[in-house]
Structures are given as C-alpha cells and as structure tokens.
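Engineer: Structure provided below as structure tokens; questions to follow.
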Amino acid sequence: MSLSDDQLRRLARLARIALQPGESAALTGRLNRVLAMVEEMRRVDTAGIEPMAHAQDLVQPLREDSVTETDHRERYQAVAPAVEEGLYLVPKVIE
C-alpha cells in the first residue's frame, strides 16, 4: 500500500498539519516506508503465538496496601477560613 498525493493532503488536513508544497514528496516517501514495514509485519505467520502484554514475562512485586501517614485533616481545617462538615467552603464565583 502506498499513499497518493491526494491521500497525503487529506491526512494532513485531518491532522491539522500545514503541509508545504515542497514537503509533499519527502513526507510521502517516509510514510510509504512506514506502510511498507507494516505490510511486511502483516506477512509474518503468527499462528499459534499467544499474545503478550509485555515483551518480557515479568511479575510486578506489590507492596501491602496499608496506611503509612496519619490523618491531618482536623489540623489543616483548623486554620481554614470556612469549613462545614469536613469540607472547605469557598466563595461562589459563578452566578
């Protein structure tokens, strides 16, 4: 599969990329090389190969989910200008 100039201009417009007239040929060549590589990868026989989430089969060590800091909410809200039921009150800015 290769891109035509019309397809390239359409892609540039959809991507909101300003494409200068002189850039068209070079960009078409680069994109066509990428598309050729995709086509080459599609030709590889992957029958019987299980999909992987990562290139290496590693296990992420997890730590115990426990609280490590104490609750400072009362101390922080003691210096706040206005608090109600544990919530900070702020002035209304939108009518």
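Engineer: Quick test for you: out of 55, 36, 80, 47, pick the one residue that is open to solvent by less than 100 Å² (accessible area, probe 1.4 Å), in contact with a strand residue (DSSP E or B) (Cβ under 9 Å, 6 or more places away or on another chain) and either in a helix (DSSP H, G or I) or not hydroxyl-bearing (Ser, Thr, Tyr) (or both).
Structural biologist: So the residue among 55, 36, 80, 47 that is open to solvent by less than 100 Å² (accessible area, probe 1.4 Å), in contact with a strand residue (DSSP E or B) (Cβ under 9 Å, 6 or more places away or on another chain) and either in a helix (DSSP H, G or I) or not hydroxyl-bearing (Ser, Thr, Tyr) (or both) is 80.
Engineer: Let me confirm something: among 9, 16, which residue is open to solvent by 90 Å² or more (accessible area, probe 1.4 Å) and touching a helix residue (DSSP H, G or I) at 6+ places or on another chain (Cβ under 8 Å)?
Structural biologist: Unique residue meeting the criteria: 9.
The values are calculated or read from the model by the stated rules, or taken from the named source; none is laboratory data. Fair warning: this is a prediction, and the values are worked out from it, not measured in the lab. Using ideal geometry, Cβ is built from the backbone for each residue, glycine included, and neighbour counts are taken over all protein chains shown. Areas reflect the complete protein model, heavy atoms only, side chains present, ligands, DNA and RNA absent. Shrake-Rupley method; radii C 1.70, N 1.55, O 1.52, S 1.80 Å.
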